[in-house]
Amino acid sequence: MEECKKQKSRRGAAAKNRYAAGAKLSEHKFLRILEGYAEAVPIGVLEPTTHVSGKTIRGTYRALRAHLPLAVQRERARFSGAGEVLFAGGMLSPDGNRLLSGIERTRRFARYVRRHAPRINSAEEERLLLIEKAVRVMCAVDLRGVEVDERLLAEIGDAFAQLRVREPLGGLVRAVPRLRAHAHPSLRLYEDYRRSLLKQPLRAGAASSSGLETDAPL
């Protein structure tokens with residue numbers, strides 16, 4: 001009987017997920033979903049390869065999207081410095097709002113919404129999706145040695161609007177010569193987010209609120 005209890009205890013310990021507190025998903029499956037999220041894999045495509053239900057993947061994607069603003073603010077050296085650009089004092093900065101507004105007006109973002117969040121039904125969810133897309137844009141470029149100012153962000157927003165719908169985000173560098181494309185933007189997003197979650201895991205209810213204030217409407 002004692003040996004049986006020890007085996008159950010070991011199995012329980014092995015199932016612990018360091019990236020999502022209280023999650024029923026194993027770490028392996030959670031990281032598969034995180035990888036799918038980083039690569040912007042549609043839920044219907046990811047479901048058969050992970051053996052996780054579409055409902056669970058959708059909920060995890062929403063939780064990751066809601067938690068992302070907090071992660072980029074805490075990990076300001078990661079995500080290509082997105083936290084420095086987008087936020088100031090726990091709120092969206094003027095530069096952040098400007099970049100999000102530029103992204104929001106594009107056909108490319110409208111397609112992104114249709115593909116990845118067709119059930120979006122609130123201003124909060126749209127704001128989170130815009131922040132997610134802005135972080136993806138930041139992760140696609142290498143800003144080392146580049147001064148990030150209002151002019152550069154305006155150029156990035158204009159370049160994003162000019163991208164063809166299916167063109168990789170690395171194509172931004174064609175319109176902004178002082179930028180360099182990052183070789184593996186989805187891998188950067190995955191690794192930076194994974195490391196951030198080790199320090200501050202997802203928690204129950206993360207999908208319902210980002211905990212972020214804004215000083216200006218999008």
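The values are calculated or read from the model by the stated rules, or taken from the named source; none is laboratory data. These numbers were taken from a predicted model, which means no experiment stands behind them. Note that each Cβ is placed from the backbone with ideal geometry, even for glycine, and that neighbours are counted across all protein chains shown. Ligands, DNA and RNA are stripped out before the accessible areas are found, and what is left, the full protein with its side chains, is counted by its heavy atoms. Shrake-Rupley method; radii C 1.70, N 1.55, O 1.52, S 1.80 Å.
Run the Debye formula on the Cα coordinates of the stretch 82-136, all scatterers equal and no solvent, and tell me log10 I(q)/I(0) at q = 0.25 1/Å.
For the requested q values the scattering log ratios are -1.00.
Using a 1.4 Å probe over the heavy atoms of the protein chains, calculate the carbon and sulfur portion of the accessible area of the chain as a whole percent.
The computed percentage sits at 51.
Counting only Cα atoms, I'd like the Rg/Rh figure for the chain, Kirkwood definition for Rh.
1.01
What are the residues whose amide H is under 5 Å from the amide H of LEU202, where those residues sit 5 or more places off or on another chain and H is modelled from the backbone?
Under 5 Å from the amide H of LEU202: ALA20, ALA21.
Taking H as built 1.01 Å from N, whose amide H comes closer than 5 Å to the amide H of ALA88, not counting residues under 5 places away?
For ALA88, the qualifying residues are SER93.
State in Å² the accessible area per residue of the stretch 69-186; use a 1.4 Å probe, count heavy atoms of protein chains only, and round to the nearest integer.
Result: 49 Å² per residue.
Please give the Cα centre distance for the stretch 104-172 versus the stretch 45-89, rounded to the nearest Å.
If we compute the Cα centre of each part, the gap is 15 Å.
Just ARG188, ARG119, ARG58 to compare: in a GNM of the chain, with alpha carbon springs under 10 Å, which one fluctuates most?
ARG119
So if each residue of separation counts as 0.36 nm, and I subtract the Cα-Cα distance between GLU191 and ARG144, what length gain in nm does that give?
Result: 15.1 nm gained on full extension.
Using mean Cβ contacts within 10 Å as the protection proxy, how do 83-92, 109-118 order, highest first?
83-92, 109-118
Given the -39500 (n - 2.57) contribution per DSSP H run of 4+ residues, what per-residue ellipticity at 222 nm results for the chain, rounded to the nearest 500 deg cm²/dmol?
-18500 deg cm²/dmol
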